[in-house]
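Notes follow once the structure below has been shown.
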Amino acid sequence: HRHLTGIEGLQPHEITFLLDEAEGWIELNRRRAEPDKRLAGLTQINAFFENSTRTLLSFEIAGKRLGADVVNMHVGQSSVKKGETLIDTAITLNAMRADVIVIRHQSSGAVRLIADKVDCPVLNAGDGSHEHPTQALLDALTIRRRKGSVAGQRVVICGDILHSRVARSNILALTALAADVRVCAPSTLMPAAIERMFVTPFTDFDAALEGADVVMMLRVQNERMSGGFLPSNREFAARYGLTEERLKRAAPDALVMHPGPMNRGVEITSAVADDKTRSAITEQVETGVAVRMACLDVLTRSARGVEGWA
Ligand code: CP
């Protein structure tokens, strides 16, 4: 089976293929067209070991719109709490003959570990600081729809780059699609290997914003800090918060994005987040459902006897 554990390993034409597939679902969802139940009879298990609002709900809605039987494993009520290992949990899910498994886990690499143990496609819904591929796909599609193309866009990703799986997957996807990617963070929240990721690093947000076409803001991942640097909200907002004043440095039609959950008044002000013309934040959520429909469809095609990836 082919899995979706990350953007790493995907060819640019495969990313574009998934975006094209998702594009069609956006239109159908908007028109509330006759449901297309192509996953009828398939069982989709969403196993979320970490909290989620957007990703869990949109994977659930996506599976249901396509006719799958969607089951959510609630970790708080599961035997994980009794000490069951990740591998034993994976073997148990597999024995229930799931047709597709969606996993979010706090450990980087956990999704790959499960993918190697089961007999069905596995989709990564975020693993530790590693990858969040469907987020990057929905972000790329949002940019493509608003700007016409991803190639050549100057995209600034600002915030806790070090701990962010969203940043990592977006860097991989956007550079694969030939965007000009700038990353901005305090030096303590910048990965040491950033020079190898084909992006331009900045510690000065005002400098990074000059001429930006897209500004993608990230939350500080307090839950992933292992001691060391923890900026105060006030300090972070002063140097790295996106305000209306700061946004003037970007292109006049610059698009503002945030994967959520937002910490309003820290990395982004409400005036910017709620600006109906500049902010694409709710559009990102809408695009997310379509991207997840596309991924669930494409990854289950070989099991359904349909031709799969381009
Ligand atoms: N963007 C995102 O992954 O949000 P959730 O954590 O709410 O799923």
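Worth pointing out:
- Over all Cα atoms in segment 54-204, the spread is summed up by Rg and Dmax: 17.7, 52 Å.
- Once exposed loop GluC sites (Glu not before Pro) are cut out (DSSP; at most 16 other Cβ, 10 Å), longest piece of the chain: 85-209
- Residue among 213, 116, 160 with the largest mean-square fluctuation in a Gaussian network model of the chain, springs linking Cα atoms under 10 Å: 116
- When segment 190-267 is described by a simple charge dipole with +1 on each Lys and Arg Cβ and -1 on each Asp and Glu Cβ, the residue from 208, 231, 243 located farthest towards its positive end is 231.
- Mean ellipticity per residue at 222 nm, deg cm²/dmol - from DSSP H runs of n ≥ 4 across the chain, formula -39500 (n - 2.57): -11000 deg cm²/dmol
- Segment residue 253-residue 232, length gained on full extension (0.36 nm per residue, minus Cα span): 4.5 nm
- Estimated FRET transfer efficiency (residue 271, residue 195; beta-carbon r; R0 45 Å; 0.05): 0.80
- Segment 157-310 - Debye-derived log10 I(q)/I(0), Cα point model, q = 0.16, 0.20, 0.21 Å⁻¹: -0.91, -1.30, -1.41
- The chain: angle of helix 54-65 to the longest principal axis, Cα-based, in degrees nearest 10: 40
- Heavy-atom accessible area for residue 256, with the other protein chains in place and a 1.4 Å probe, reaches approximately 0 Å².
- Descending semi-axes in Å of segment 1-44, equivalent ellipsoid built from Cα gyration tensor: 24, 17, 7
- Modelled label positions at residue 224 and residue 57, each set 7 Å beyond Cα in the direction of Cβ, lie 2.3 nm from each other.
- The trypsin sites (Lys or Arg not before Pro) of segment 38-142 meeting both criteria, a DSSP state outside H, G, I, E and B (loop) and at most 11 other C-beta atoms within 10 angstrom of the site's C-beta, are 97.
- Residue 197 accessible area, assembled protein chains, probe 1.4 Å, Å²: 40
- Oblate is the label for segment 183-242, because the ratio a/c of its alpha-carbon gyration tensor axes (a ≥ b ≥ c) is 1.5 or higher and a/b is not greater than b/c.
- Here the chain is assigned +1 on the Cβ of each Lys and Arg and -1 on the Cβ of each Asp and Glu. Its dipole about the Cα centre then comes out at about 380 debye.
- Computed about the Cα centre, the dipole magnitude for segment 133-266 is approximately 300 debye when only Lys and Arg (+1) and Asp and Glu (-1) carry charge, each at its Cβ.
- Tilt relative to the chain, helix 133-147 - C-alpha long axis, 0 to 90 degrees, to 10: 60
- The trypsin sites (Lys or Arg not before Pro) of segment 138-170 include none that meets both criteria, a DSSP state outside H, G, I, E and B (loop) and at most 13 other C-beta atoms within 10 angstrom of the site's C-beta.
- Cα gyration tensor category, rounded, prolate or oblate, for segment 149-211 with a/c compared to 1.5: oblate
- Computed with a 1.4 Å probe over protein heavy atoms only, the accessible area of residue 132 comes to about 10 Å².
- GNM result for the chain, Cα springs below 10 Å: residue of 79, 187, 58 fluctuating most strongly: 79
- Helix 281-299 axis, angle to the chain major axis (alpha carbon atoms, nearest 10°): 30
- Quarter of Cα convex hull surface for segment 63-137, i.e. mean projection, nm²: 5.4
- For the chain, the alpha carbon convex hull comes to 130 Å³ per residue, rounded to a whole number.
- Mean Cα-pair separation over length for segment 59-203, i.e. relative contact order, pairs under 8 Å, 6 or more apart, %: 15
- Spatially proximal aspartates and glutamates relative to residue 81 (Cα-Cα < 18 Å; intrachain offsets below 8 disregarded): 50
- Nearest-20 debye value, segment 111-188 charge dipole, Cβ charges on Lys, Arg, Asp, Glu: 380
- Residue among 124, 263, 170 with the largest mean-square fluctuation in a Gaussian network model of the chain, springs linking Cα atoms under 10 Å: 263
- Normalising the average separation of contacting C-alpha pairs (under 8 angstrom, six or more residues apart) by the number of residues puts the relative contact order of the chain at 21 percent.
The values are calculated or read from the model by the stated rules, or taken from the named source; none is laboratory data. All of these numbers come straight from a predicted model, not from anything done at the bench. We place every Cβ from the backbone using ideal geometry, glycine too, and count neighbours over all the protein chains shown. These accessible areas exclude ligands, DNA and RNA; they are computed on the full protein's heavy atoms, side chains included. Shrake-Rupley method; radii C 1.70, N 1.55, O 1.52, S 1.80 Å.
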